[in-house]
Each structure stands twice: as structure tokens, then as C-alpha cells.
Amino acid sequence: MNIGDVMFQFFVFIVFAAVIFAAVTGFKYAKNRKAQLDRIEKKLNSLPEDHD
């Protein structure tokens with residue numbers, strides 16, 4: 001195996017790991033965002049309504 005093959009395999013591995021990392025991070029962000037919005041909605045619903 002020459003150095004070019006090693007560099008190519010390393011590059012492909014890094015790209016593959018980056019895609020997986022981005023997907024996991026995205027799912028975690030979406031989950032946390034939904035939980036945060038649910039908490040805000042719960043707080044807003046618990047406020048008394050003072051309409052004229």
C-alpha cells in the first residue's frame with residue numbers, strides 16, 4: 001500500500017465520521033429544541049389570560 005492509498009482511505013474515513021457526527025448532532029439539536037418549545041408552551045399555557 002502506498003502513501004496515496006493511505007491518505008485516500010483516511011480522507012474517506014474522516015468524511016464518513018463527519019457525516020455521522022453531523023447527523024447525530026442534528027437529531028440531538030432537534031430533540032432538545034422540541035423539548036424547549038414544549039416547556040415554553042407549558043409556561044405560556046399556565047399564565048392567566050387577562051383579556052378585556
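The figures follow:
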| quantity | calculated |
| --- | --- |
| Pairs, first open to solvent by 70 Å² or more (accessible area, probe 1.4 Å) in the stretch 6-21, second not hydrophobic (A, V, I, L, M, F, W, C), C-beta under 7 Å, six or more apart | none |
| Residue satisfying all of: in the stretch 22-43; within 11 Å of the chain's Cα centre (by Cα) and not aliphatic (A, V, I, L, M); least open to solvent (accessible area, probe 1.4 Å) among these | Gly26 |
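The values are calculated or read from the model by the stated rules, or taken from the named source; none is laboratory data. The shown structure was predicted, so the numbers you read here are calculated from the model rather than taken from an experiment. Please note: Cβ atoms are built from the backbone with ideal geometry, for glycine as well, and neighbour counts cover all protein chains shown. Ligands, DNA and RNA are stripped out before the accessible areas are found, and what is left, the full protein with its side chains, is counted by its heavy atoms. Shrake-Rupley method; radii C 1.70, N 1.55, O 1.52, S 1.80 Å.
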